[in-house]
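Remarks on the structure that follows.
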Amino acid sequence: MIGAETSGRIGSGPWFVVEGDEYDSAYFDKRPKFLHYRPQAVLLTSIEFDHADLYDDLDDYREAFEQLVALLPPEGLLVAHGDDPTVRQVARTCRAQVRTYGLHTLCDVTVGQVYPTFEGQHFTLIVDGRELGRFFLPLSGRHNLRNALAVCAFTLQIGLSPDQLREGLASFPGMKRRLEVRGEAGGVLVVDDFAHHPTAVRETLRAARQRWPDRRLVAIFEPRSNSSRRKRFEQAYMEAFDDADEVWLSMPPFRHNDRPEDFFDPEAVAAGIRARGIPAHVAEGADALLPLLLEALRPGDIALIMSNGAFGNLHERLLRALRQQTEPATSRTTHDLSA
């Protein structure tokens, strides 16, 4: 979480919550990590083809989640995203109790009216057709609202009251590297996000547009993951940046497990983005991007940096450079002399 010193901690309740990871366990064990778990409950948020270095296609990918759901005992619980047809398909194979959530009115847990604000979003929670009142989530974006509904479905099922849930959601500080504001300098707000799959990029941009509707949104993206560096995702990336006002793509790193004929072509993706009416550019990594961004960014902009890696520490380097640009010349001279 934002403000937390570690990526996990031991709580005081009876439940142990862990991310279910479908990536392989080790180089000698190609089974998904989550097949080593013995879950009592599973929150299944989405099934969309990913990890193209491990799975052949969506059917192969879906089978991994069917194996996860099969681990649930009959007295267990599956909380399934009812808006996702592939999740619904997997849920039909489950022998445990199934509760659905989503924005569709036929889900067990859904929402009525939603009011987005700069601070987050207010919504009416509806469970089994009955309104449980108004709730507030201090996060933007439909994907975060869906995640909150998954939490509502699970926690209400295990005995939390609506008031406890309302208090918990309102006090949630958010996760690091999820629309995390790293700072502002020269009127430019620098935001960090872990988004790398095309759908995550699209939803992150939509959330940023919802949160900062009156500011120019500049997307800076590093295709770094094993899937994002593959040609099969190029068309999806061309369509993922529609909510951006300008796009900068970094050249992806070529690794030992990459094939030239299947490698991501950022120039082709940039051309596809431009064909959709959005200025798009390509640069050779963070070092090349930094001076170009300093020329392109202007006061009032959001610089949304997306990568599942460190991206050459571009966030902090950009903030430092923006501060230096806006410092008076005399102040810079004093700093130089004191150094």
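Values for this structure:
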quantity	calculated
Value at 222 nm in deg cm²/dmol, rounded to 500, when DSSP H runs of n ≥ 4 in the chain each add -39,500 (n - 2.57)	-10000 deg cm²/dmol
Relative contact order [Cα under 8 Å, 6+ residues apart], the chain, whole percent	13
From the C-alpha gyration tensor of the stretch 19-154, square roots of 5λ in Å	29, 17, 13
For the chain, share of DSSP beta bridges that run antiparallel, in % to the nearest 5	45
Per residue value of the accessible surface for the stretch 1-64 (all protein chains in place, 1.4 Å probe), Å²	70
Percentage relative contact order, the stretch 48-201, counting C-alpha pairs under 8 Å, at least six apart	13
Scaled radius of gyration (Cα, divided by 2.2 N^0.38 Å) that the chain gives	1.08
Pairwise centroid distance, computed over Cα atoms, of the stretch 39-109 with the stretch 134-192, Å	22
Point-to-point label distance, Ala268-Arg9, nm (Cα→Cβ direction, 7 Å offset)	4.7
Cα lying deepest toward the dipole's positive end in the chain, options His143, Gly174, Leu319, charges on Cβ	Gly174
GNM top mover of Asp214, Asp245, Asp193 - the chain, alpha-carbon springs below 10 Å	Asp214
Anchor Lys231: lysines whose Cα lies under 27 Å away (excluding residues fewer than 8 positions away in-chain)	Lys30, Lys33
Per residue accessible area of the stretch 174-288, 1.4 Å probe, in Å²	41
Highest-first arrangement of 102-112, 277-287, where packing means the average Cβ count within 10 Å	102-112, 277-287
Protein accessible area in the chain, 1.4 Å probe - carbon and sulfur %	52
Local electrostatic count, Asp265, Cβ distance below 9 Å [Lys/Arg +1, Asp/Glu -1]	-1
By accessible area with a 1.4 Å probe, ligands and nucleic acids excluded, highest first: order of Glu246, Glu261, Glu66, Glu295	Glu295, Glu261, Glu66, Glu246
Cubic angstrom per residue, convex hull over Cα atoms of the stretch 217-279	71
Max mean-square fluctuation residue, GNM over the chain, Cα-Cα springs under 10 Å, options Ser161, Ser46, Ser225	Ser161
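The values are calculated or read from the model by the stated rules, or taken from the named source; none is laboratory data. Note that this is a predicted model, so its numbers are computed, not measured. Because the Cβ atoms are built from the backbone with ideal geometry, glycine has one as well, and the counts that use them run over all protein chains shown. For the accessible areas, the whole protein counts, side chains as well, though only heavy atoms, and no ligand, DNA or RNA atoms are used. Shrake-Rupley method; radii C 1.70, N 1.55, O 1.52, S 1.80 Å.
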